[in-house]
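First up is the structure itself, then whatever we jot down about it.
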Amino acid sequence: MRFGPARVAPIAVLLASAASADAQHLHGPVTDAQTREGISSASVLVINPDNSIRAGAITDREGRFAFSTTPGTFQLRSPR
């Protein structure tokens, strides 16, 4: 399966909750834009406003990711 810019959907679902003042827990899937199937081994990056990488994860076989980071302003990206 080939994954180009038109094939990879943005992170479809992002669930975030602050379990404590020190951690922001992020999890969700990365899916194919056409088939809606999860994409395994996709990179998911947490990007700070200055474009530095705060944290990252790799999706599992079903395209799911999960990790914790400090609260703040950031973007999630899954590079194509």
- Message: At R0 = 30 Å, how high is the FRET efficiency between GLU37 and THR70 if r is their beta carbon distance? Nearest 0.05 is fine.
- Response: 0.40
- Alpha carbon centroid spacing (whole Å) that separates the stretch 37-56 from the stretch 58-80: 5
- Karplus (6.51, -1.76, 1.60) ³J(HN,Hα), θ = phi - 60°, over the stretch 29-41, in Hz, Gly and Pro reported as x: x, 10, 10, 6, 5, 8, 8, 6, 7, x, 9, 6, 6
- Message: Computing the accessible area with a 1.4 Å probe over protein heavy atoms, can you report the carbon and sulfur percentage for the stretch 37-80?
- Response: 45
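The values are calculated or read from the model by the stated rules, or taken from the named source; none is laboratory data. Keep in mind it's a predicted model, so treat the numbers as computed, not measured. When we count neighbours, we look across all protein chains shown, and the Cβ atoms used for this are built from the backbone with ideal geometry, even at glycine. The accessibility values were calculated without ligands, DNA or RNA, using every heavy atom of the protein model including side chains. Shrake-Rupley method; radii C 1.70, N 1.55, O 1.52, S 1.80 Å.
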